[in-house]
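Peer 1: Take this structure, written in structure tokens, and hold onto it; I'll ask about it next.
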Amino acid sequence: MASYREQGIVLRTYKLGETDRIVHLLTQGRGKVRAVAQGVRRPGSRFGGRLEPYSHVELQLYEGRNLDRITQADLLAPHAAVRAEYATSAAAAVMVEVVDHVAQEGERDNGLFLLLRAGLQALDAGPDDPAIFVDAFLLRLASVVGFHVFTDACAVCRTPGAHVFLSVTAGGVLCPECAPTGTRAVDRAVIEAVALLTSGGEWSALPVLARERPAARARAASYARAFVEHHLDRRFRAYEAVPRP
């Protein structure tokens, strides 16, 4: 069997037998990897505590027929603070559930890896309102995998402008000519909130949105969930557990 080294973020773990554990990882170079950590649940295991969900680790693995085998794990970022609080742990659970759904085994996706790392780092800082980071993560992940939300141009005809019709199925704002008859306009503050959630790198501005524009943020959050569940064709169960103001 060939051995290899990888950085990875632990998505999920499952018990296997009496002492082993199956670990789902998002790796930087190989996409999603499913591996077994043998003896990791024994007392005194060398790296049992390093393979907790949300941990960012450097690994030594051996390729296997069905599951790879982890032989070494070193912590790069434990994200213990994320697991320590219910609200941040629930928010992280949504992030890893969505990533586990879209990530492909053997297909490198550095954008997805960096997005998950950034999302967990934002939660690790102990924000007052972790839910706003979930909403941003959902729309940014959708964009990474090919479903971008248009907020400054019509999603259908690409006519630029401050349009006020917002569509889940079309993928963003619609101009008056493209909006179906009976479509209700939304406040521009809602569209601006969606744009902020979608904008890559603007994590630090999210708490301000949550604090100063709660009504727009709530509508934008509903849009984010509906958009992602529609375009990824999946209902994400962990979303219901995230506390919201």
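The values are calculated or read from the model by the stated rules, or taken from the named source; none is laboratory data. From a predicted model like this one, the values you see are computed outputs, not experimental measurements. We place every Cβ from the backbone using ideal geometry, glycine too, and count neighbours over all the protein chains shown.
Peer 1: Being among the aliphatic types (A, V, I, L, M) and not in a loop (DSSP other than H, G, I, E, B) is the filter here, so list the residues in segment 141-174 that pass it.
Peer 2: Leu141, Ala142, Val144, Ala153, Leu166, Val173, Leu174
Peer 1: Has segment 219-232 got at least one residue that is in a helix (DSSP H, G or I), free of Cβ contacts under 8 Å to residues at least 24 places away in the same chain and closer than 27 Å to Leu114 by Cα? Give the derivation first.
Peer 2: So the first thing to find is which residues in segment 219-232 are in a helix (DSSP H, G or I), and the list is 219-231.
Filter once more, keeping what is free of Cβ contacts under 8 Å to residues at least 24 places away in the same chain: 222, 229.
Those still in the list that are closer than 27 Å to Leu114 by Cα too: 222, 229.
So far as segment 219-232 goes, yes, one or more of its residues are in a helix (DSSP H, G or I), free of Cβ contacts under 8 Å to residues at least 24 places away in the same chain and closer than 27 Å to Leu114 by Cα.
Peer 1: Confirm whether Tyr239 is at pLDDT below 95 and surrounded by 13 or more Cβ atoms within 10 Å (Cβ to Cβ). Full working, then the answer.
Peer 2: On the way: at pLDDT below 95: yes; surrounded by 13 or more Cβ atoms within 10 Å (Cβ to Cβ): yes.
Judged against the criteria, Tyr239 is a match.
Peer 1: Answer with yes or no whether Thr27 is within 28 Å of Leu139 (Cα to Cα), surrounded by 14 or more Cβ atoms within 10 Å (Cβ to Cβ), not aliphatic (A, V, I, L, M) and not assigned by TED's automatic domain parsing to the domain that holds Gln121. Write out each step before concluding.
Peer 2: Details: within 28 Å of Leu139 (Cα to Cα): yes; surrounded by 14 or more Cβ atoms within 10 Å (Cβ to Cβ): yes; not aliphatic (A, V, I, L, M): yes; not assigned by TED's automatic domain parsing to the domain that holds Gln121: yes.
For Thr27, the condition - within 28 Å of Leu139 (Cα to Cα), surrounded by 14 or more Cβ atoms within 10 Å (Cβ to Cβ), not aliphatic (A, V, I, L, M) and not assigned by TED's automatic domain parsing to the domain that holds Gln121 - is met.
Peer 1: I've got another one for you. When segment 65-82 is examined, which residues are found to be out of contact with any strand residue (DSSP E or B) (no Cβ under 7 Å at 6 or more places or on another chain), over 19 Å from Gly106 (Cα atoms) and surrounded by fewer than 16 Cβ atoms within 10 Å (Cβ to Cβ)?
Peer 2: Of everything in segment 65-82, those that are out of contact with any strand residue (DSSP E or B) (no Cβ under 7 Å at 6 or more places or on another chain), over 19 Å from Gly106 (Cα atoms) and surrounded by fewer than 16 Cβ atoms within 10 Å (Cβ to Cβ) turn out to be Ala80, Ala81.
Peer 1: Let me ask something else about it. Does Asp135 count as among the acidic types (Asp, Glu), under 22 Å from Lys32 (Cα atoms) and within 19 Å of the chain's Cα centre (by Cα)? Please lay out each step first, then the result.
Peer 2: Working: among the acidic types (Asp, Glu): yes; under 22 Å from Lys32 (Cα atoms): no; within 19 Å of the chain's Cα centre (by Cα): yes.
Here the answer is no, as Asp135 does not meet what is asked.
Peer 1: Looking at segment 41-58, can you tell me whether even one residue there is β-branched (Val, Ile, Thr), surrounded by fewer than 20 Cβ atoms within 10 Å (Cβ to Cβ), more than 18 Å from Val98 (Cβ to Cβ) and not assigned by TED's automatic domain parsing to the domain that holds Ala118?
Peer 2: Initial filter on segment 41-58 (β-branched (Val, Ile, Thr)): 57.
From what's left, surrounded by fewer than 20 Cβ atoms within 10 Å (Cβ to Cβ): none.
Scanning segment 41-58 turns up no residue that is β-branched (Val, Ile, Thr), surrounded by fewer than 20 Cβ atoms within 10 Å (Cβ to Cβ), more than 18 Å from Val98 (Cβ to Cβ) and not assigned by TED's automatic domain parsing to the domain that holds Ala118.
Peer 1: Sticking with this one: Can you find a residue in segment 172-182 that is polar (S, T, N, Q) and over 20 Å from Val94 (Cβ atoms)? Break it down into steps so the answer makes sense when it comes.
Peer 2: Keep residues of segment 172-182 that are polar (S, T, N, Q), which gives 181.
Applying the additional criterion that residues be over 20 Å from Val94 (Cβ atoms) yields 181.
Yes, that holds for at least one residue.
Peer 1: Give me the pairs, please: first residue somewhere in segment 121-140 and in a helix (DSSP H, G or I), second residue anywhere and polar (S, T, N, Q), beta-carbon distance under 8 Å, and either six or more positions apart or on two chains.
Peer 2: Leu123/Thr88; Asp124/Thr88; Ala136/Thr198; Leu139/Thr198; Arg140/Thr198
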